[in-house]
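Here the structure comes first, spelled out in structure tokens, and everything after it is commentary.
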Amino acid sequence: MSHKKIKVGIAGTHSTGKSTFLERLNSRLTENSLRTGQVGDLAKAARDRGFPILTEHNFESTLWIMAEGMRQEAEAALISDVILVDRPVFDALGYLYAALEISGRSLPDRKLKELRLIAGAHAADYDLLILTELDPAIRLGEGRDGNQDFRVAAAEHIRRIAEGETLAPVILTSRNTDTVLQEIYEKTIGLLA
């Protein structure tokens, strides 16, 4: 017998508070005796396997991140009540679009269509979605990519994808974290009831 699983995704460009938000949400959920599974940012794992990331993102790195994200989400669903996803599948596509824009590269339409189909088909799997808003006034963390044009482009492309898929995300800013945390927590509990 299976029970309801809730999948919460948080998307947005790097250094906008996604991981910190999910850590806080995870704490709230586990305090309520819920089993949580987490899918972390997969770009570092992709890089460690030799895939190019950030402004060098390409078809293969995007496809790998999407496939690995879906695999990890499926595994987490085996043992979790709530799956917390730092960067939903479509986030990788936003990064690819930004990389292509910034670098002046292009991909064959067939490859972009394939990635769009995967991202669009999987987007509906997220029960709750949060989209971070880039605040350029907030300094990047140490060791983070400092290409501000790329960060802005990634944020814009991720937002466009979310809008294009009519996902209606909750917007997380540097000023409303506590309010959004409470809202997502309450919605998650409500969906599990």
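How far is it, in nm, from the label point at Glu133 to the one at Ala168 when both lie 7 Å from their Cα along the line to the Cβ?
Distance between label points: 1.9 nm.
Report the one residue of Phe90, Phe150, Leu100 whose Cα lies farthest in the direction of the positive end of the charge dipole of the stretch 77-193 (charges on C-beta: Lys and Arg +1, Asp and Glu -1; origin at the Cα centre).
Leu100
With springs only between Cα atoms under 10 Å, which of Ser15, Ser33, Ser174 fluctuates most in a Gaussian network model of the chain?
Checking each option, the largest mean-square fluctuation is seen for Ser33.
When the accessible area of the stretch 126-183 is split by element with a 1.4 Å probe, what percent falls to carbon and sulfur?
Whole-percent figure for carbon plus sulfur exposure: 47.
Pairs Lys4/Lys111; Lys4/Lys44; Lys7/Lys44; Lys5/Lys111: which exceed 29 Å Cα-Cα?
Lys4/Lys111; Lys4/Lys44; Lys5/Lys111
Could you check which residue among Gly120, Gly164, Gly12 shows the biggest mean-square fluctuation in a GNM of the chain with a 10 Å Cα cutoff?
Gly164
Using a 1.4 angstrom probe with every protein chain in place, what is the largest-first accessible-area order of His3, His157?
Accessible-area ranking of His3, His157, largest first: His3, His157.
Can you tell me the dipole magnitude for the chain around its Cα centre, using point charges on the Cβ only (Lys, Arg +1; Asp, Glu -1), in Debye to the nearest 20?
Working: 24 positive and 28 negative charges, 40 e Å.
That gives a dipole near 200 debye.
Per residue, how much accessible area does the chain show when a 1.4 Å probe rolls over the protein heavy atoms, in square angstrom?
I get 50 Å² per residue for the chain.
Give the share of C-alpha pairs in each 5 angstrom bin for the chain, from 0 to the last occupied bin, in whole percents, shortest bins first.
1, 8, 17, 21, 21, 16, 10, 5, 2, 0, 0
Taking springs between alpha-carbon atoms closer than 10 angstrom, which of Pro108, Pro88, Pro169 fluctuates most in the Gaussian network model of the chain?
Of Pro108, Pro88, Pro169, the most mobile in the Gaussian network model is Pro108.
May I ask you to compute the full-extension gain from Arg35 to Lys113, defined as 0.36 nm times their residue separation minus their alpha-carbon distance, rounded to one decimal in nm?
24.5 nm
Using only Cα atoms, find the angle between the long axis of helix 177-192 and the longest principal axis of the chain, and express it within 0 to 90 degrees, rounded to the nearest 10.
Roughly 60 degrees between the two axes.
Kindly provide the trypsin sites (Lys or Arg not before Pro) of the stretch 19-109 that DSSP labels as loop, not H, G, I, E or B, and whose Cβ sees at most 14 other Cβ atoms within 10 Å.
Numbers: sites: Arg24, Arg28, Arg35, Lys44, Arg47, Arg49, Arg71, Arg105; in loops: Arg35, Arg49, Arg105.
When the trypsin sites (Lys or Arg not before Pro) of the stretch 19-109 are filtered for loop state and at most 14 Cβ neighbours within 10 Å, Arg35, Arg49, Arg105 remain.
The values are calculated or read from the model by the stated rules, or taken from the named source; none is laboratory data. Bear in mind the structure is a predicted one, so any value in this text is a computation, not a measurement. Note that we place each Cβ from the backbone using ideal geometry, even for glycine, and neighbour counts take in every protein chain shown. These accessible areas exclude ligands, DNA and RNA; they are computed on the full protein's heavy atoms, side chains included. Shrake-Rupley method; radii C 1.70, N 1.55, O 1.52, S 1.80 Å.
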